[in-house]
Amino acid sequence: MIFPIDGLMAQVCSPPLRQGVLDRFYNDTSESLNLTENIEISARFVDLSRSDGSDYFENISFSMGEKVIMAEQALYFQSTGFAEASGSVSYSDRNIFIASEYAEIDTVSESISFIETEFDLSNPSAIGRSGRLTINNAGLLDIENAFFTTCVEEIPFWSINASRLNLNTQEGIGRASNLSLRLKNIPLLYLPSLSFPISNQRKTGFLMPAFGNSQKLGTNISFPFYLNLSENYDLILSPGYISEYGSTLEGQYRHLISSGELDLSWQLINDQISETNRYVSELNFNFNIKNFTLNGNIENFSDQNYYEDFYTSRNMVATPYIKDNIHLSGHFGNWHFNAQAFQNTIINPLDEFASISSSSHQNHDESLIPSLSLIGFRSFGGIFYDHFSELSYFEDYDNILRFDSTHSLSSAINLSGINITPSYLYRLTNYHNEILDINRNASVASIEINARFRKNLSRSLDQIIEPKILIVQSDISNQEDIPLIDSSLAELNYLSIFNPFRFVGADIVLPRDDLVLGISTEIFQNSSKREILSGTFALASRKPFEDESNLSVDNDYIIELNSQFTSTFRAQFSRRWNEADATATQTVARIIYNANEQTYFSLGYSQRDQFLNQLTLASVFPMLNGSFFSKIAYDFENSESLEKRVGWQYNGCCWGLGIEYYNYISQRNGDQDDGFRIQFFLTGLINNRSNLITNLIGNGVR
């Protein structure tokens, strides 16, 4: 029987054997065969009466969902379940496109073999050629005489030539036998076998080596090896060598479970100078089980000079102390409890300035400090009750047990859009050990008045104005004998200026007879809600205060301006000062242009009396098919550079390269170190992209 089907499309459901076996060709590799799934068949011409028992098709197309095979001609032998296609044969699904002039289809083994093919993978983007390519319904590609690369250039930057290549699109792994790795078609490496990732899925194997050189460390190199132990935990081991010190071993273990995650990292150095093993380790974890959360950060190191000797960041060198903490919290309705323990280990003792506005416990090593706290609130009609209690034990402060409890009552009154909130707060703090038992009582009465006004400036712009007034009066019992354990001045900002307590911690309660005035405004596009301009102005007229430790507070002032000129360009300015405390006086100004990862510019100025007078410039812009980046931090107080970084990074479809030169203050005495680092990767062969620019933008202006 011979008949044309010119343009006819047949919809086949639960197909008979003849269409059913053809259906099996197009089953997606990620699924098992399902012969009841719809298949669409179209052909220009069909002959089902040939003498050799075969069925003949011209310009045939089979499709089942996203899987399609097409050919100019096809023969199907029902007796053997074998078919062959010729003339512009193509196969496509969501993972691969294959083009060939001839294909053999075996419906028994459910596989298709293409002769002299070109193929294109979609994830990751990769291309290849082969003498013979066989694909089956399990997602396996068996390729003979293969050529494979992720580059689209006529002469690719890198490629693999192999006598046999197996690509598993389900596992995301490729395996090559008798292969040569070529750069610009020049043989670089011959190997009997190699496995490599062909997707973003993780796979055990070597990552790209890291190389660098600096005055402080000399030449340093590491060879990271990735172990994919399971789908929810893995390990990176990175042996290396630092010429000025000796061999190193870095590692990172990550473990993910349904209720949380754990991350353990370490660095071990066999120091030839001190003839000791020096190390640093850090454990981070976070778990959530029903109403409970457990998290923590625990860091340990061999000696205080470790960070100064081995880290290449001025921020880490300047870090005063490491704070280890474990925190357990839970909530039941409106009540929350916290159990925590923390310990400070000093790396770099704080200077005279820092000790003025920081708590004393940040300036020396401490034993573990455990504490328990309870937080809750209730409402009774229009009255709101808030509660906070904390019990802490300080071994290093004569075994003092401190109990701090705060109770407050407030109400919210709305008068024609003006909100009035009167409140009364009572705070009891007790210090107890074998020789002392001290109570301090504090009562604070306040009235807060605020309003919100919205004004239409034009057809496209709206403005919101929010004035705010706070009146505070306090009565505090004698606190001259209270030990100073962990209290410090709160960072001056718009939130803290309206806080009834000017100090953080329980040891100092500031006597208050204050009037605080503030106003904030925002201008924004009424269609997109994008902020164009915002400003905050506040002043606090305070009762002057000074205690025996020279902690003093007087009037506070705040001015803050933020402008978002466009979606990519913004500017910020803030000025905060206190008439009695010069260390609270600070100025920050920034302009930032951030179009994308390849175009970025920021200029920032930071000034803080007696401490900081610094300019920071960071930029990224396209250059030589890559990105040039730089960062400069300059200290006007000492007329010296704090940090300089400059480099170039290229992230292409085939390969990537990052080169960076850096110079920064590496010692607490002000000595500087300079060096360089190099990062390199081959896209699709080793998934280890450079992140030099990402780090620069993330840390842009400090």
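Results, tabulated for the structure shown:
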item	result
Top-ranked residue of the range 644-663 - restricted to ones that are among the charged types (D, E, K, R) and either free of Cβ contacts under 8 Å to residues at least 40 places away in the same chain or outside any strand (DSSP E or B) (or both), ranked as surrounded by the most Cβ atoms within 10 Å (Cβ to Cβ)	E660
Positions within the range 451-481 being crowded, with 17+ Cβ neighbours inside 10 Å and within 21 Å of N555 (Cβ to Cβ), in sequence order	K468, L470, V472, S474
Number of positions in the range 499-508 that are open to solvent by less than 20 Å² (accessible area, probe 1.4 Å) and hydrophobic (A, V, I, L, M, F, W, C)	3
Neighbours by Cβ (under 6 Å, 6+ apart or cross-chain): first from the range 524-541, within 20 Å of D513 (Cα to Cα); second assigned to a strand (DSSP E or B)	A538/G518; A538/I558; L539/L517; L539/Y557; A540/D514; A540/V516; A540/D556; S541/L515
Residue list for the range 265-291, restricted to those being hydrophobic (A, V, I, L, M, F, W, C), open to solvent by 60 Å² or more (accessible area, probe 1.4 Å) and more than 30 Å from F332 (Cα to Cα)	W266, L268, I273
Hey, D6 more than 23 Å from N145 (Cα to Cα), outside any strand (DSSP E or B), modelled with pLDDT under 50 and over 49 Å from the mean Cα position of the chain (by Cα) or not	yes
Among residues of the range 170-179, those that are farther than 11 Å from I198 by Cα and either surrounded by fewer than 17 Cβ atoms within 10 Å (Cβ to Cβ) or within 32 Å of the chain's Cα centre (by Cα) (or both), counted	2
Residues satisfying the stated conditions in the range 584-613, i.e. more than 24 Å from the chain's Cα centre (by Cα) and without any contact (Cβ under 8 Å) to a residue 40 or more places away in the chain	T585, T587, V588, A589, Y605, Q607, R608, D609, L612, N613
Subset of the range 147-164 [outside any strand (DSSP E or B) and open to solvent by 10 Å² or more (accessible area, probe 1.4 Å)]	V152, E153, E154, I155, P156, F157
Hits in the range 353-394 - residues which are among the aromatic types (F, W, Y) and at pLDDT below 60	F353
Inter-residue pairs, beta-carbon under 7 Å, first surrounded by fewer than 17 Cβ atoms within 10 Å (Cβ to Cβ) and in the range 292-317, second in a loop (DSSP other than H, G, I, E, B) and at pLDDT below 90, 6+ apart	Q304/I347
Which numbered condition I236 fails, given (1) in contact with a Pro (Cβ under 8 Å, 6 or more places away or on another chain); (2) open to solvent by less than 50 Å² (accessible area, probe 1.4 Å); (3) more than 24 Å from N286 (Cβ to Cβ)	(3)
Filtered residues of the range 228-257 (kept if over 30 Å from E275 (Cα atoms) and outside any strand (DSSP E or B))	E231, N232
Per-region count, the range 651-694, residues under 21 Å from the mean Cα position of the chain (by Cα) and either at pLDDT 85 or above or at positive phi (or both)	1
Qualifying residue in the range 586-604 (condition: open to solvent by 20 Å² or more (accessible area, probe 1.4 Å), among the basic types (K, R), part of a strand (DSSP E or B) and modelled with pLDDT of 90 or more)	yes
Candidate set: the range 483-497, residues that are open to solvent by less than 20 Å² (accessible area, probe 1.4 Å) and in contact (Cβ under 8 Å) with a residue 24 or more places away in the chain; chosen: the one farthest from A445 (Cα to Cα)	I485
Flag for T107 being of a type outside the set (G, A, S) and in contact with a helix residue (DSSP H, G or I) (Cβ under 9 Å, 6 or more places away or on another chain)	yes
Filter result for Q572 (polar (S, T, N, Q), under 28 Å from I497 (Cα atoms) and open to solvent by 40 Å² or more (accessible area, probe 1.4 Å))	yes
Hits in the range 424-456 (condition: under 24 Å from P467 (Cβ atoms) and touching a residue at least 40 places away in the same chain (Cβ under 8 Å))	L425, V444, S446, E448, N456
Some residue of the range 192-211 being assigned to a loop (DSSP other than H, G, I, E, B) and either within 30 Å of I665 (Cβ to Cβ) or free of Cβ contacts under 8 Å to residues at least 12 places away in the same chain (or both)	yes
Qualifying residue in the range 135-144 (condition: within 30 Å of P239 (Cβ to Cβ), small (G, A, S) and buried (at least 16 other Cβ atoms within 10 Å of the Cβ))	no
Restricting the range 181-194 to residues that are farther than 24 Å from F97 by Cβ and crowded, with 16+ Cβ neighbours inside 10 Å, the residue that is farthest from the chain's Cα centre (by Cα)	L181
For L350: the one exception among (1) at pLDDT below 95; (2) part of a strand (DSSP E or B); (3) surrounded by 13 or more Cβ atoms within 10 Å (Cβ to Cβ)	(2)
Filter result for I485 (touching a His at 6+ places or on another chain (Cβ under 9 Å) and either at pLDDT 85 or above or in a loop (DSSP other than H, G, I, E, B) (or both))	yes
Flag for L167 being touching an Asp or Glu at 6+ places or on another chain (Cβ under 9 Å), within 25 Å of A85 (Cβ to Cβ), touching a residue at least 40 places away in the same chain (Cβ under 8 Å) and open to solvent by less than 10 Å² (accessible area, probe 1.4 Å)	yes
Residue list for the range 72-96, filter: touching a residue at least 24 places away in the same chain (Cβ under 8 Å), under 48 Å from the mean Cα position of the chain (by Cα) and surrounded by fewer than 16 Cβ atoms within 10 Å (Cβ to Cβ)	R94
Complete set of residues in the range 623-643 that are surrounded by 20 or more Cβ atoms within 10 Å (Cβ to Cβ) and more than 27 Å from the chain's Cα centre (by Cα)	none
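Let's see how each residue does on (1) within 38 Å of the chain's Cα centre (by Cα); (2) within 19 Å of E390 (Cα to Cα); (3) in a strand (DSSP E or B):
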{"site": "N439", "(1), (2), (3)": "no, yes, yes"}
{"site": "N450", "(1), (2), (3)": "yes, no, yes"}
{"site": "R454", "(1), (2), (3)": "yes, no, yes"}
{"site": "R459", "(1), (2), (3)": "no, no, no"}
{"site": "D462", "(1), (2), (3)": "yes, no, yes"}
{"site": "I469", "(1), (2), (3)": "no, no, yes"}
{"site": "P500", "(1), (2), (3)": "yes, yes, no"}
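The values are calculated or read from the model by the stated rules, or taken from the named source; none is laboratory data. Here the structure is a predicted model, which is why all the values come from computation and not from measurement. FYI the Cβ positions are ideal-geometry reconstructions off the backbone, even for glycines, and counts take in every protein chain you see. SASA here: full protein model, heavy atoms, side chains in, ligands and nucleic acids out. Shrake-Rupley method; radii C 1.70, N 1.55, O 1.52, S 1.80 Å.
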